[in-house]
1. Amide H to amide H under 5 Å from Phe35: which residues, 5+ apart in sequence or cross-chain, H placed 1.01 Å off N in plane?
2. Per residue, how big is the convex hull around the C-alpha atoms of segment 82-142? Give it to me in cubic angstrom, could you?
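No value in this document is a laboratory result; all are computed from the given coordinates. All of these numbers come straight from a predicted model, not from anything done at the bench.
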Amino acid sequence: MKKIILLLAISISACITSCKSDDDGAGPMETQDKFIGVWKITQEFEDGVEETVDACELLDVLTVTADQNFTTTAHVMENGSCVMIDDPFQGTWENLGDNVYKITPDRDQAEAIEATITFSGNTMTTVINDEDGEFIQILTRI
C-alpha cells in the first residue's frame, strides 16, 4: 500500500514548462507543475536500503493530470503471470510549495500523505517520512 501511495505521491510531483500568452512574448508566462505527466518506477529505497523492484512493478504507470488528479495502473503477480489490477488507484494531488505535495487517495480508509518531491531532468524523486521510516521512490517520465 505504501508503494502505491508513494507512486501516487510521485504523480503529484510538478513539472514546469513555459508557454507564451501571446505571439510577441510581452504577456505573462504560465507554468505547469513538473509533477504532471506519465511516470514509471525505476528504484525504491526503504530506510536507505535499496529494495528490489520486480518486473511486474516495472509495468506500473502513474498518470498525473493538470486538473490535480492522478491514476495509477498497478500490476500484481498471479499464478506466475503479471496481471494488471482491474481497479486503478486514483485520487487528487496538491502542490503545497517548497517541493511538498499532498496526495489524497479516493479509496476508503486511505489517508492523505505529504511527500517531498524533487525533479532532475526526466527523473522524479519522492520521499515519504512516517512512523514506519523513510520511503523513497525514483520515477522516470515516459
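1. Under 5 Å from the amide H of Phe35 lie the amide H atoms of Ala14, Cys15, each far enough along the sequence or on another chain.
2. Numbers: hull volume 8.1 nm³, N = 61.
Dividing the Cα hull volume of segment 82-142 by its residues yields 134 Å³.
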